Amino acid sequence: MITLALSKGRIFDETLPLLRAAGIELLEDPEKSRKLILPTSQAQLRVLVVRATDVPTYVQYGGADLGITGRDTLIEHAADWDGSTSAAGLYQPLDLQIAACRISVAVRADFDYASAVRQGSRLKVATKYVAIAREFFAAKGVHVDLIKLYGSMELAPLTGLADAIVDLVSTGNTLRANDLVEVEHIMDISARLVVNQAALKLKKAPMRALIDAFAGAVGRVGVPS
Ligand code: PRP
């Protein structure tokens, strides 16, 4: 049996066409089912439905053989795990080219970010991407006080909690709706296939076949975001 960890939400919606292109159908609709282990059209493949931030943990410890998760999540996981910003013990064989977005710095439209950064004053930054934000501002030589949030980051500059946020931007609609503007582009993000290294050795043939099926599907689907 091979176990693939997925999370619901943005990445999941774009993963389904990719799974189909790789010849895999889920036999139950995860939006309707309360089950967390779902069978697929391939008898030897099952899907775990986990929280996005838990995908690297399941794959790292072998609770799942493979997983699909964002590059952002992998970087933050590695930083929590061993302080590095490369993915801890996880083999990343494929950029799936889905769920493309970016991580950016955003501020209120009336906030003078350029001056704040130039003057060398401390910037209050709210984010759930603490490692990415820390590394980015350290490289720029900007002193920051990081405030960890778990969602609705856009509220932080609007309420005075922070001067700036570091967050995912896809269409930019959320920023626009909250009168925030993007002032720095930190990195591009997309979903990655991550693999447990022991599983790759122990279940070599079926794991390789699955990775190859995903690789073929990436070329064919080329899902735009
Ligand atoms: C992300 C991010 C923004 C939004 C950006 O949240 O935190 O709020 O998407 O997308 P847009 O540029 O297309 O408006 P997500 O929906 O992933 O949920 P989250 O709040 O749980 O991170």
remark   = Note on the range 160-177: residues closer than 14 Å to Tyr129 by Cα, within 6 Å of the ligand (Cβ to nearest atom) and in contact with a strand residue (DSSP E or B) (Cβ under 6 Å, 6 or more places away or on another chain) are Leu168, Val169
key: The one condition in (1) in contact with a strand residue (DSSP E or B) (Cβ under 8 Å, 6 or more places away or on another chain); (2) in a helix (DSSP H, G or I); (3) within 12 Å of the ligand (Cβ to nearest atom) that Pro157 fails to fulfil   = (3)
query = Do any residues in the range 170-191 that are assigned by TED's automatic domain parsing to the domain that holds Asp110 and among the charged types (D, E, K, R) have Cβ atoms under 9 Å from those of residues that are more than 13 Å from the ligand (Cβ to nearest atom) and assigned to a loop (DSSP other than H, G, I, E, B), where the two are at least six apart or on different chains, and which pairs are they?
reply = Asp179/Ala109; Asp179/Asp110
query = Does Ala131 qualify as being under 17 Å from the mean Cα position of the chain (by Cα), in contact (Cβ under 8 Å) with a residue 24 or more places away in the chain and surrounded by 15 or more Cβ atoms within 10 Å (Cβ to Cβ)?
reply = yes
query = Quick one: would you say Ala106 is buried (at least 21 other Cβ atoms within 10 Å of the Cβ), assigned to a strand (DSSP E or B) and either touching a strand residue (DSSP E or B) at 6+ places or on another chain (Cβ under 8 Å) or of a type in the set (Val, Ile, Thr) (or both)?
reply = yes
ask   = Looking only at the range 171-192, which residues are under 26 Å from Leu19 (Cβ atoms) and part of a loop (DSSP other than H, G, I, E, B)?
value = Thr171, Ser190
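The values are calculated or read from the model by the stated rules, or taken from the named source; none is laboratory data. These numbers were taken from a predicted model, which means no experiment stands behind them. In this analysis, Cβ positions are derived from the backbone assuming ideal geometry, glycine residues included, and neighbour counts consider all displayed protein chains.
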